[in-house]
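These notes are about the structure you will find just below.
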Amino acid sequence: MIVLGIDPGSRKTGYAVVESSGNRHRLLEFGTINLVDTKPMPDKLVKIYIEITKLFTQFDIDSVAVEAGFYGKNAQSAYKLGYARSAAVLSAALHGVDVIEYSPRKIKQSVTGNGNASKEQVKYMVKALLKNGDLSIKEDESDACAAALCHLHNNVDSGTTYKSWSTFVSKNPARVLKRK
């Protein structure tokens, strides 16, 4: 299974493509879509959409895991975050891929065992789980990896969807009865 994790933001959007085979996970691609110098907001949304769409052309992504928005006291920030999420989700929807949202607390709990873990703890565990200890990974990228890992940890043999029957068979050969 290949999962695209997304940590949306109006200034930086992190992404990570993680492949899972059983309980082994491998980081295929990661990065940050830098939006700081991009103005106005519609141009930022186009940039997010284009960059996420490129990932769908490079990888056979089965699911997308998105960090759900944290809504604090600033409504303007919440709107901007919602816009960024929408651009990423639209790309997935147009490619026929399911999008699952996880709260920041659920992601931290799944990756570190502590729903109140610090950014540093999440980053440490992401590197350990993906066996990339010496890899230079930024905060937004680490959060995107954590979202993908959260989805993989929470959807082992439950709720997993496949684009087609042939995809299911190729990814689950042990679960298919063979005719004699």
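From the list Leu28, Leu55, the lone residue that is modelled with pLDDT of 90 or more and buried (at least 19 other Cβ atoms within 10 Å of the Cβ) is Leu55.
From the list Gly115, Gly72, Gly96, Gly82, the one residue that fits, being under 22 Å from Ser20 (Cα atoms) and either hydroxyl-bearing (Ser, Thr, Tyr) or modelled with pLDDT under 95 (or both), is Gly96. No other residue among Ser63, Ser86 is touching a residue at least 40 places away in the same chain (Cβ under 8 Å), over 21 Å from Val122 (Cβ atoms) and of a type in the set (Gly, Ala, Ser) apart from Ser86.
The residues in the range 115-136 that are assigned to a helix (DSSP H, G or I), in contact with a helix residue (DSSP H, G or I) (Cβ under 9 Å, 6 or more places away or on another chain) and of a type in the set (A, V, I, L, M, F, W, C) can be counted, and the count is 4. Residues in the range 137-152 that are outside any helix (DSSP H, G or I) and within 12 Å of Thr13 (Cα to Cα): Lys138 only.
Report yes if Ala88 is at negative phi and buried (at least 20 other Cβ atoms within 10 Å of the Cβ), otherwise no. Considered against the rule, which asks whether it is at negative phi and buried (at least 20 other Cβ atoms within 10 Å of the Cβ), Ala88 comes out as yes.
The set of residues from the range 29-58 being charged (D, E, K, R) and in a strand (DSSP E or B) comprises just one member, Glu29. Here is a check on your reading of the model: is Leu35 more than 27 Å from Thr167 (Cα to Cα) and modelled with pLDDT of 90 or more? In short, yes. Of all the residues in the range 1-38, those that are among the hydroxyl-bearing types (Ser, Thr, Tyr) and closer than 13 Å to Phe56 by Cα number 1.
Among the residues of the range 6-25, those identified as crowded, with 24+ Cβ neighbours inside 10 Å and either over 14 Å from Glu51 (Cβ atoms) or of a type in the set (Asp, Glu) (or both) are Asp7, Val18.
Annotation: of all residues in the range 59-75 being of a type in the set (D, E, K, R) and not in a strand (DSSP E or B), the one that is surrounded by the most Cβ atoms within 10 Å (Cβ to Cβ) is Asp62. Scanning the range 105-137 for residues that are surrounded by 14 or more Cβ atoms within 10 Å (Cβ to Cβ), farther than 11 Å from Cys150 by Cα and of a type in the set (Lys, Arg) turns up Lys123, Lys127.
The values are calculated or read from the model by the stated rules, or taken from the named source; none is laboratory data. On a predicted model such as this, the values are computed, not experimentally measured, just so you know. Positions of Cβ are generated from backbone atoms using ideal geometry, with glycine treated the same way; all protein chains shown enter the neighbour counts.
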